[in-house]
Amino acid sequence: MDLVTHPSAPCLPTGSQPSRATLRWVEECLGRGAEVRLLRPLAGGSAHANHALLVESPSGSPHRLVLRRWARAGARSRGGAGGDPRFADAEFSPEREIAALTLLTGCEVPTPALIAADPAGAYCDAPTLLITQLGGHPPRPAPADLPEYLIQLAAALLSVHGRAGGASMPPYVPYNRLDQRRPPRHALRPALWERAFEIASRPAPDAPSVFIHRDYNPDNTLWSYGRLTGIVDWSDASYGPLAIDIAHMRLHLALRYGSRAADQFVSAFDQVSGGYAHDPYWDLRSVLDLLPEDDTHHIGEATIPLVENYLAAVLSQYT
């Protein structure tokens, strides 16, 4: 679901074909004589141009890989990428994802393995990673067994949060720093947003800090025959409160399947983790992270009623 909209930035389009020089770099990474046989754009994502590749090695062996290019390369300063709030973080970079994929080596949940990197874009048309392609597909619009689906989403986080070395990652920073507090452009209930800003400006509750995905949502998971086969898109990986991963998933589940699914996800995580008490503060933070602190990017008008219904449900937990 596209939660936010923003004008196009003068940069590499997310669906753009890689240059011939980029494909030559891929071939050289696999060894002299390797050849890219197939190239297919992958759907989704506003910050990267992703392509599935079939590369034949000099020995004739096939390699299924993903070419991952930073679509808005060079946007390292606050608000410098057409309003995508992630680009407010100077650490949103190929180096961050390289560090995350390195920490994830050997993780019980399948994650991409790094094959090669050109983080400065010295050989490619943009900063680029070459990673392994995981099996599976994005989740179906309506999972056949929603409770089992939620249990698997919750259980996968245990392996992620348990990775050693998480403190070496950049620290969690909210996308919206609350320097300016404006409701979305098409808000139907501005008072909800004012209340959310007021509560979110309070000190954050205590929460264990671990290695977190930071953008954990259904679209960043892969599935096959009802089983979770991988987690992708580690560009925002951080060291911070594990509650952020819970809250971010809850928001996306609520907008896609309804608030009941969001609540069931917390129950599922409580079950698989052996005990978890979720603080609604982190839900408010996740909703407000949809808003930038400038006016270049906003929640899509059609999505506003869904977001405000979820926000009202979260705020109802405060007296």
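The values are calculated or read from the model by the stated rules, or taken from the named source; none is laboratory data. As the structure is a prediction and not an experimental result, all values here were calculated from the model. When we count neighbours, we look across all protein chains shown, and the Cβ atoms used for this are built from the backbone with ideal geometry, even at glycine.
Things worth noting here:
- The residue list ALA156, ALA116, ALA167 contains one member that is buried (at least 18 other Cβ atoms within 10 Å of the Cβ), aliphatic (A, V, I, L, M), at pLDDT 95 or above and not in a loop (DSSP other than H, G, I, E, B), which is ALA156.
- The C-beta contact set for the stretch 135-153 (first residue at positive phi, second residue of a type in the set (D, E, K, R), distance under 8 angstrom, 6+ apart or interchain) is empty.
- The residues of the stretch 219-232 that are crowded, with 19+ Cβ neighbours inside 10 Å and not in a strand (DSSP E or B), listed by number, are ASN220, VAL232.
- Here the stretch 27-74 is the region considered, the condition is being assigned to a helix (DSSP H, G or I) and of a type in the set (D, E, K, R), and the residue that is surrounded by the fewest Cβ atoms within 10 Å (Cβ to Cβ) is GLU28.
Each row is one residue, and each column tells you yes or no for (1) over 21 Å from ASP233 (Cβ atoms); (2) in the same structural domain as ASP118 (by TED's automatic domain parsing); (3) not small (Gly, Ala, Ser).
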site: ARG24; (1), (2), (3): yes, yes, yes
site: GLU28; (1), (2), (3): yes, yes, yes
site: ARG40; (1), (2), (3): no, yes, yes
site: HIS51; (1), (2), (3): no, yes, yes
site: GLU56; (1), (2), (3): yes, yes, yes
site: SER61; (1), (2), (3): yes, yes, no
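- Residue check, THR319 hydroxyl-bearing (Ser, Thr, Tyr) and either part of a helix (DSSP H, G or I) or within 20 Å of the chain's Cα centre (by Cα) (or both): no
- Residue selected from the stretch 185-195 under the condition touching a Pro at 6+ places or on another chain (Cβ under 9 Å) and not hydrophobic (A, V, I, L, M, F, W, C), by the criterion nearest to LEU315 (Cα to Cα): GLU194
- The C-beta contact set for the stretch 105-131 (first residue closer than 15 Å to GLU28 by Cβ and outside the structural domain of ALA156 (by TED's automatic domain parsing), second residue part of a strand (DSSP E or B) and polar (S, T, N, Q), distance under 9 angstrom, 6+ apart or interchain) comprises ILE115/THR132; ALA116/THR128; ALA117/THR128; ASP118/THR128.
- Just one of the listed residues (ALA122, ALA144) is in contact with a Gly (Cβ under 8 Å, 6 or more places away or on another chain) and either surrounded by fewer than 16 Cβ atoms within 10 Å (Cβ to Cβ) or not small (Gly, Ala, Ser) (or both), and it is ALA144.
- Single residue of HIS298, HIS252 found to be closer than 23 Å to GLU194 by Cβ, touching a Pro at 6+ places or on another chain (Cβ under 7 Å) and not charged (D, E, K, R): HIS298
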